[in-house]
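Chemist: Following this message is one structure expressed as structure tokens.
Only the coordinates and a few stated rules stand behind these numbers; no lab work does. Bear in mind that the values here come from a model prediction, so they are computed numbers and not experimental data. With ideal geometry, Cβ positions are generated from the backbone for all residues, glycine too; neighbour counts draw on all protein chains shown.
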Amino acid sequence: MGGVSGPELASAVARAGALGMLCEFDALESADERMTNALAGADGGAVGMGFFGHRVQDDLATFEAAAARLRVVEVFWTTPDPLLVSRARSAGVALVAWQVGSLDHALAAQDAGCDFVIAQGVEAGGHVRGTQPLEQLLREVSERVSIPVVAAGGIATAESAAWAVDAGAAAVRVGTAFVATQESRAHPVYIDALLAAQSADDTVLTTGFSGGWPDAPHRVLKSALAAAEAFEGDVVAEGGPPGARRPIARFSSATPSRHVEGRIDAMALYAGTGVASVTSVPPASDLVAALVSRLG
């Protein structure tokens, strides 16, 4: 998640023995700086970077640099592209993954030469590619592809992680719970809103926050959508580094990180259906240990 998963979080997750992911974009530093800082703090652990398929062609240099320097490069949102996979192979030794929301795209990722695929259920927070519950999607994909499958969507506890692995996943992807960790760059108001959520019913799948990403379904806290709808005005906040502040429009898809100022409660507070299990703000290493505690 851009603005939230900075090098501090990615390296902490990597040091704990999991895969720490960076986003291609962040307003505070360049991609090169974030890769350098994450690797420096990872103590040899695995760091990856995620890319949006509809934007990656505009920054192929970063994609190739990530493939050369990191353990994983991952693409999301578009149909798996064998030419992009081949470009990553030519640039370095990173594993190549594609996050998908359907069996057809999982098969396409395998055919494109990906090393593994992330099956994202509709329970996921943030932008949601598929329309199926994770249980159904994971079963379909696991039965049909031969590459490893990572389960994503609503996973926030040791119990849900163990369930996914028992159901055929080689690993799990966790997002919302890591937003509320000590190393996260999420704004404190965002974290407090996650802690206040009581159930999956406190989230909603919507296209409400489509500024900058038209018609893209995403899951957010219901309170954020209600606050944005009630807000009067075109600009809800401002963000960016000192000397380069920029306005953030109401209903923008931008994530409220710590450097943002304004009506944080009326911004896109992305959250998956496992949000009720987010009840504290631990170090990322403690969260990793908790998540894997029931795996064999």
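Chemist: Taking the alpha carbon gyration tensor of region 188-266, what are the square roots of 5 times its eigenvalues, largest first, to the nearest whole Å?
Modeler: Working from the Cα gyration tensor, I get semi-axes of 21, 15, 11 Å.
Chemist: Taking H as built 1.01 Å from N, whose amide H comes closer than 5 Å to the amide H of PHE51, not counting residues under 5 places away?
Modeler: GLU74, VAL75, PHE76
Chemist: Quick check: Cα centre of region 21-50 to Cα centre of region 141-213, how many Å?
Modeler: Cα centroid of region 21-50 versus Cα centroid of region 141-213: 20 Å apart.
Chemist: Can you sort THR36, THR203 by how many other beta carbons sit within 10 Å, fewest first?
Modeler: Placing the least packed residue first, the sequence is THR36, THR203.
Chemist: Could you pull the Cα extents of the chain along its three principal axes, largest to smallest, in whole Å?
Modeler: Principal extents (largest minus smallest coordinate, Cα): 51, 39, 36 Å.
Chemist: Taking springs between alpha-carbon atoms closer than 10 angstrom, which of LEU225, LEU28, LEU194 fluctuates most in the Gaussian network model of the chain?
Modeler: LEU28
Chemist: Related question: Limiting things to C-alpha atoms, what are the Rg and the maximum Cα-Cα separation (Dmax) for region 40-106, in angstroms?
Modeler: 12.0, 38
Chemist: Further question: How fast does region 49-169 diffuse by Stokes-Einstein, in µm²/s, taking the Kirkwood radius from C-alpha pairs at 10 °C and 1.306 mPa s?
Modeler: Approximately 111 µm²/s, per Stokes-Einstein.
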